[in-house]
Amino acid sequence: MDWSHQKKFEEVVLQHTIGTDQVVVQPNLASICHADTRYYTGQRRKEALQKKLPMALFHEGIGYVVKSDDKSLVKGQRVVIVPNIPARRLKKKHNK
């Protein structure tokens, strides 16, 4: 495997204003999928790398609710992290 495009990991703390329709989750366990490793090792098209990097390498995991105005989610509740599916879409499905 060619590791010449390998990048270093860098911890970054982001500050956000949290909206009333958002949930803050403290990740507890996360995974890095095969697609993410292709970004990390530079095995994607140059245009894709320029568009996506830098990026957070995980998008699947579990964690605990830290803050939520949604009454169905309470502080400390264990949740699955799937940030590429908006919560409003899940809520609509759940309420049907």
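Do we find a residue being loosely packed, with under 14 Cβ neighbours inside 10 Å and either within 13 Å of the chain's Cα centre (by Cα) or modelled with pLDDT under 70 (or both) anywhere in the stretch 57-77?
Scanning the stretch 57-77, I find no residue that is loosely packed, with under 14 Cβ neighbours inside 10 Å and either within 13 Å of the chain's Cα centre (by Cα) or modelled with pLDDT under 70 (or both), so the answer is no.
Please verify whether LYS52 is loosely packed, with under 15 Cβ neighbours inside 10 Å and under 26 Å from ASP21 (Cβ atoms), treating the condition exactly as stated.
Values: loosely packed, with under 15 Cβ neighbours inside 10 Å: yes; under 26 Å from ASP21 (Cβ atoms): yes.
Against the criterion (loosely packed, with under 15 Cβ neighbours inside 10 Å and under 26 Å from ASP21 (Cβ atoms)), LYS52 qualifies.
Somewhere in the stretch 40-53, is a residue acidic (Asp, Glu), within 16 Å of the chain's Cα centre (by Cα) and either at pLDDT 70 or above or part of a helix (DSSP H, G or I) (or both)? Let's see the steps before the verdict.
Taking the stretch 40-53 first, the residues acidic (Asp, Glu) are 47.
Checking which are within 16 Å of the chain's Cα centre (by Cα) leaves us with none.
No, because not a single residue in the stretch 40-53 is acidic (Asp, Glu), within 16 Å of the chain's Cα centre (by Cα) and either at pLDDT 70 or above or part of a helix (DSSP H, G or I) (or both).
The values are calculated or read from the model by the stated rules, or taken from the named source; none is laboratory data. Remember, predicted model here, so these are calculated numbers, not experimental data. Cβ atoms come from the backbone with ideal geometry, glycine included; neighbour counts cover every protein chain shown.
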